[in-house]
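Taking it in order: structure first as structure tokens, then the write-up.
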């Protein structure tokens, strides 16, 4: 060990006597300081503008960690090119071999010097951490230190590769170029030979691309730890073999056998380390953001036996690229958090082509016959077309017509239960933890069934007309639809008693009155404690008021208006009340994101508290500028004017109410909504300039409360507490000078001092 230390000390001295090490250190420090100070400036600017930054620890270091991995490619070859090449070129390698030093000691000593230099590089980040402890409220130090560890291990891995390349040639420039090429290869090795399952797993594990991302995200996995031990160890072993061959004059064949043997050992260990049953994890984030939430963990525990997730990828669907063979391992990472708690999850893939409605027109391909179009797409993306089943063949496996032949996953339990996981037509596309856990939960327990009343002109849950409720209820591609949040959805009538399986009854904007018998059947449902979601508006007032009067509620006369310059006057905005925040965390999300409910053509809700119900206003309008317009009906051409003599009252209006009362051993819950359009197909996807609306929160918040929290699955995490930066403009300027200029200039002065001192000798 003493010999290794002496070699490392000598190498460090030589390294810092050269301008290359100083140049790398100075440029690295300047670039890192530039990124870090820019992040600080951005956070401070947000605070000055009145925003509430969250997860400041991640904001300051996230881009730094991400960017630094890109330019390590440029630095490491310059640092390692002379480690052995210099000795080979100068003949000093013979002196080393004639000394008592072994080849192993020589290689380990030189590598140890690079480990120390790597520590100096990441030491810059440690300075940022110490600084952040004083200027960031509740700085998440453990998470950031984990990221720094990942960067350090990555630098060491790069250094081991550079060390090996320096043993190959006596020319430093060749060693540098060779290191650069090998690093590029190891970053892209995961894209080759992807049609062979075992090879795909090995090359994916061997790849350097994104290897430190788990660390920089705050997650330490045993697979990554093994990687950062085995891969540097492999290249150090290669270096020892190469150096020994120069002394022993081993043949190329003998060396090749040794190289292959070492590689096979590392590949085997790597393959074993990537098996889910053998993997361990440590989440170092304060909020456990890299781990399933407790509710999801409990759901996974109930999934006894085997579980298979089969992905059906249609070549003609817009999402087909997600699961092609060369991206399979990346696709599997979407479920890594679940595999962590249920290692027996299997991922299978079925490829096919068939007609699909969502496909965007692809130029001239749109006019080709289906098979030719599929072949052309496969050819363009270098995909083996023979992998893909034709429409007749896929139908023998599964009929995906009800799923519109879209990209979809089917979850199948060993016991036979099946459930679909879908892609959604939004920016995220993929199902989040909430949707995945909801699907799993439906497989292990009975979740609430929502019945939509029909037969009286109610909003239709099967149609996509502007006024109807298909998106809200059962749209398979709308993330917030009840169907995708764990609820079963069905239609019911009052021709007979409401079935016992109905947990929540939706009465949406009736345009015809109930008959006497129908009213009795509805009363029987209410008397047994059934929950209700009642929706009305000014135009259905005469039919809806008889339903809500027994609860002490009334849809007010007139249409709520608030004249503004940019919108029709019958568009009002309603905001969550303090009581709403206690009912459901979804309303709290709505408040935190400063979103309102945009309501066009709404009725206010009057209520009394003498009917035995606890009444909580959920959404309310502004206190001024809003009134119940009694005279105007044409809000496009006419101008509304406030007229108290017509019965118009300017005040704050409640547009959503929550009522509850004890019923035996449970609580009956009722939600009443004064605007039927605000959760319609058209309104859920409508955006308006200057209005941040979150109407879908009405769906999520109401049905979460009505279902006693059974669905949607609660996947909340602890709130961020590193939310304040204790720096003003002056502090930001000082920080900018210190990290962007002072430290790099100080290093430059040190480099000049060392150079002068050396020249003086």
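Looking at the range 583-622, which of its residues are over 16 Å from residue 672 (Cβ atoms) and under 27 Å from the mean Cα position of the chain (by Cα)?
Initial filter on the range 583-622 (over 16 Å from residue 672 (Cβ atoms)): 585-586, 588-596, 598, 600-601, 610, 622.
Within the range 583-622, 585, 586, 588, 589, 590, 591, 592, 593, 594, 595, 596 qualify.
Of 698, 691, which residue is surrounded by fewer than 22 Cβ atoms within 10 Å (Cβ to Cβ) and either under 30 Å from residue 41 (Cα atoms) or at pLDDT 95 or above (or both)? Outline the logic, then answer.
Values: 698 fails: surrounded by fewer than 22 Cβ atoms within 10 Å (Cβ to Cβ).
Exactly one residue qualifies, and that residue is 691.
For the range 350-386, the set of residues classified as at pLDDT below 90 and touching a strand residue (DSSP E or B) at 6+ places or on another chain (Cβ under 7 Å) consists of 356 only. The number of residues in the range 205-242 that are buried (at least 21 other Cβ atoms within 10 Å of the Cβ), assigned to a helix (DSSP H, G or I) and at pLDDT below 90 comes to 2. With respect to residue 670, is the statement that it is surrounded by 15 or more Cβ atoms within 10 Å (Cβ to Cβ), part of a helix (DSSP H, G or I) and touching a residue at least 24 places away in the same chain (Cβ under 8 Å) true? Criteria not met by residue 670.
Per the listing 507, 502, 534, 559, the residue uniquely closer than 19 Å to residue 702 by Cα, modelled with pLDDT of 95 or more, surrounded by 15 or more Cβ atoms within 10 Å (Cβ to Cβ) and over 35 Å from the mean Cα position of the chain (by Cα) is 507.
Here the range 675-717 is the region considered, the condition is being out of contact with any strand residue (DSSP E or B) (no Cβ under 9 Å at 6 or more places or on another chain) and in a helix (DSSP H, G or I), and the residue that is farthest from residue 476 (Cα to Cα) is 704. Residues in the range 139-196 that are part of a loop (DSSP other than H, G, I, E, B) and within 27 Å of residue 55 (Cα to Cα): 139, 140. In the set (1) modelled with pLDDT under 95; (2) farther than 25 Å from residue 473 by Cβ; (3) touching a strand residue (DSSP E or B) at 6+ places or on another chain (Cβ under 9 Å), residue 663 fails one condition alone, (3). Scanning the range 645-667 for residues that are in a strand (DSSP E or B) and touching a residue at least 60 places away in the same chain (Cβ under 8 Å) yields 655, 656, 657, 658, 659, 663, 666. Here residue 33 meets the list (1) part of a helix (DSSP H, G or I); (2) surrounded by fewer than 17 Cβ atoms within 10 Å (Cβ to Cβ); (3) within 42 Å of the chain's Cα centre (by Cα) almost entirely, failing just condition (2). Cβ-Cβ contacts under 8 Å between residues 6 or more apart (or on different chains), taken from a first residue in the range 586-604 that is on the phi > 0 side of the Ramachandran plot and assigned by TED's automatic domain parsing to the domain that holds residue 553 to a second residue that is part of a strand (DSSP E or B) and at pLDDT 95 or above, are listed as 601/559. When the range 308-325 is examined, which residues are found to be buried (at least 19 other Cβ atoms within 10 Å of the Cβ) and assigned to a helix (DSSP H, G or I)? Listed by number, the residues that qualify are 320, 323.
Residue-level analysis places residue 160 among those that are out of contact with any strand residue (DSSP E or B) (no Cβ under 8 Å at 6 or more places or on another chain) and either outside the structural domain of residue 738 (by TED's automatic domain parsing) or closer than 23 Å to residue 235 by Cα (or both).
Scan the range 560-569 and give yes if some residue there is outside any loop (DSSP other than H, G, I, E, B), over 30 Å from residue 711 (Cβ atoms) and touching a helix residue (DSSP H, G or I) at 6+ places or on another chain (Cβ under 9 Å), otherwise no.
Filtering the range 560-569 down to residues outside any loop (DSSP other than H, G, I, E, B) leaves 560-561.
Still in the running and over 30 Å from residue 711 (Cβ atoms): 560-561.
Then drop every residue that is not touching a helix residue (DSSP H, G or I) at 6+ places or on another chain (Cβ under 9 Å), which leaves 560.
Yes, because at least one residue in the range 560-569 is outside any loop (DSSP other than H, G, I, E, B), over 30 Å from residue 711 (Cβ atoms) and touching a helix residue (DSSP H, G or I) at 6+ places or on another chain (Cβ under 9 Å).
Do you know which residues across the range 377-386 are more than 30 Å from the chain's Cα centre (by Cα) and within 11 Å of residue 353 (Cβ to Cβ)? Passing the criteria: only 385.
Any residue at all in the range 575-595 that is surrounded by 20 or more Cβ atoms within 10 Å (Cβ to Cβ), out of contact with any helix residue (DSSP H, G or I) (no Cβ under 6 Å at 6 or more places or on another chain) and farther than 30 Å from residue 505 by Cβ? Scanning the range 575-595 turns up no residue that is surrounded by 20 or more Cβ atoms within 10 Å (Cβ to Cβ), out of contact with any helix residue (DSSP H, G or I) (no Cβ under 6 Å at 6 or more places or on another chain) and farther than 30 Å from residue 505 by Cβ.
In the range 685-696, is there at least one residue being closer than 30 Å to residue 291 by Cβ and in contact with a helix residue (DSSP H, G or I) (Cβ under 7 Å, 6 or more places away or on another chain)?
yes
Please enumerate the residues belonging to the range 257-291 that are part of a loop (DSSP other than H, G, I, E, B) and within 15 Å of residue 217 (Cβ to Cβ). Those that are part of a loop (DSSP other than H, G, I, E, B) and within 15 Å of residue 217 (Cβ to Cβ): 284, 285, 286, 287, 288, 289, 290, 291.
Going through 727, 657 one at a time, which residue ends up being farther than 30 Å from residue 536 by Cβ and surrounded by 13 or more Cβ atoms within 10 Å (Cβ to Cβ)? Checking each option against the conditions leaves just 727.
The values are calculated or read from the model by the stated rules, or taken from the named source; none is laboratory data. Quick caveat: nothing in here was measured; it's all calculated off a predicted structure. Virtual Cβ from ideal backbone geometry, glycine too; neighbours counted across all protein chains shown.
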